[in-house]
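K.L.:
Quick one: structure below, then a few questions.
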Amino acid sequence: MKTPADKYSLVYKLQLELQEAKQEYYDVKAQCREEQARGQAKVDHLLWQLMHLTNSIKNAEEELDRIHREIEKMNALIRQKGLENEFKLWKSKRYNLDSDTK
């Protein structure tokens, strides 16, 4: 038969276990919050990179369009002045010279 002292001892042990379990719970909860914060920071960084790359692609496409329009203007001017044959000759000489120097 258990004495009152044994009962108090058991209650004390249970209180200690409960205290330890609560502390473990709070520790795990804190770790979860830290991981969540780290994960959110990583997501934010990846979103920033994505935005930066998207802007870079957009800028490159705009620059490519601008260059394409310039080429079209130059081709139209060459056609307008009737210099197609001279341009073809210049182009062929240029590429022949480039290949000789390599």
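The values are calculated or read from the model by the stated rules, or taken from the named source; none is laboratory data. Because the structure is predicted, anything quoted here is derived from the model rather than measured. A quick note on method: Cβ atoms are made from the backbone with ideal geometry, for glycine too, and the neighbour counts reach across all protein chains shown.
K.L.:
For the range 49-64, does any single residue satisfy the condition of being in a helix (DSSP H, G or I), surrounded by 10 or more Cβ atoms within 10 Å (Cβ to Cβ) and at pLDDT below 80?
P.N.:
No, there is no match, as no residue in the range 49-64 is in a helix (DSSP H, G or I), surrounded by 10 or more Cβ atoms within 10 Å (Cβ to Cβ) and at pLDDT below 80.
K.L.:
Something else now. For ASN75, are the conditions met, namely being exposed (fewer than 10 other Cβ atoms within 10 Å of the Cβ) and part of a helix (DSSP H, G or I)?
P.N.:
Details: exposed (fewer than 10 other Cβ atoms within 10 Å of the Cβ): no; part of a helix (DSSP H, G or I): yes.
For ASN75, the condition - exposed (fewer than 10 other Cβ atoms within 10 Å of the Cβ) and part of a helix (DSSP H, G or I) - is not met.
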